[in-house]
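Novice: Shown below is the structure under consideration.
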Amino acid sequence: MMGTFQALAVTLVSILPGAFAVWAFENQVGSWGLNSPERIYRLIAASTVMWILFAPLTYWLWAGPFHTFVSTHAHLPIVYWPIIASYVLIPAAIGSTVGFFAAKRSSWLRKFLRGTSHSPTAWEAFFDSDSAAIVRIKLKTGTWMAGLYAEDGKHIAYASGFPEPQTLLLSQTVLVDPLTGAYLKEGGSPKFEPSGILIEYTEIEYLIIDYEKS
């Protein structure tokens, strides 16, 4: 029984720092690959790196002076608690910091960590980019609507990503003919309204993406 407990403890000590780093990273950049082998690869890689970085602390906790001290005392002084907590707090801070910079769409770190792999769906491929565009939407009811996918400091645009339910928030409404989807123009340019559009993916038949706003 003691051998099983020790094996479990060693496994947790090996995995937890990497796991906290990965969870903190995903909290910043999203959880792509949540149900795929890629997440296991990230966890193993992060755990390996953290294991190397924390090898001196691990030795001190499990075989060095700290282990000897705990074995000969009935209590653990509170001064040691922050040291033990750092075993997971520091990896979490590292993962969160790396994720913060990797979340920037033009970041080289983002490209390095994600590699050349494609987005999980075409939805993410566009809405995870920096591209500003007018999105014309044909609903399953046959009605057309349109909105601007861009941020201007006052209005936000957002598209939820895989594996969450897909919703789309367009920052401004663009007036179109509800039957044909043709722009209702003013002075040769599409007419905008300050109101936004929030719509569920399940209501959409298809999208037309116009990269030119005028």
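Novice: Could you tell me what % of all Cα pairs in the range 122-210 have separations over 24 Å? Spell out each step's value before the answer.
Specialist: Details: 570 of 3916 pairs.
Roughly 15 percent, rounded to a whole number.
Novice: Let's test the formula: R0 of 41 Å, r as the Cβ-Cβ distance of LYS191 and ASN27. What FRET efficiency results, to the nearest 0.05? Write down the numbers at each step before the final one.
Specialist: Details: r = 40 Å, r/R0 = 0.97.
Rounded to the nearest 0.05, the efficiency is 0.55.
Novice: Binning at 10 Å from 0, report for the range 137-182 what percent of all alpha-carbon pair distances ends up in each bin.
Specialist: Cα pair-distance distribution for the range 137-182, in percent: 26, 41, 30, 3.
Novice: Can you find, among ILE156, LEU198, GLY187, the residue farthest towards the positive end of the dipole of the range 122-210? Put +1 on the C-beta of Lys and Arg, -1 on that of Asp and Glu.
Specialist: Result: GLY187, furthest along the dipole toward the positive end.
Novice: Please state the charge dipole magnitude for the range 145-214, taken about the Cα centre, from unit charges on C-beta atoms (+1 on K and R, -1 on D and E), reported in debye and rounded to the nearest 20. Walk me through the intermediate numbers first.
Specialist: Working: 4 positive and 11 negative charges, 43 e Å.
Rounded to the nearest 20 debye, it is 200 debye.
Quick note: the coordinates plus some simple rules give every number you see, no bench work behind them. Note that the structure is predicted; figures quoted are calculated from it, not measured. Counting neighbours? That spans all protein chains shown, and the Cβs are built from the backbone with ideal geometry, glycine included.
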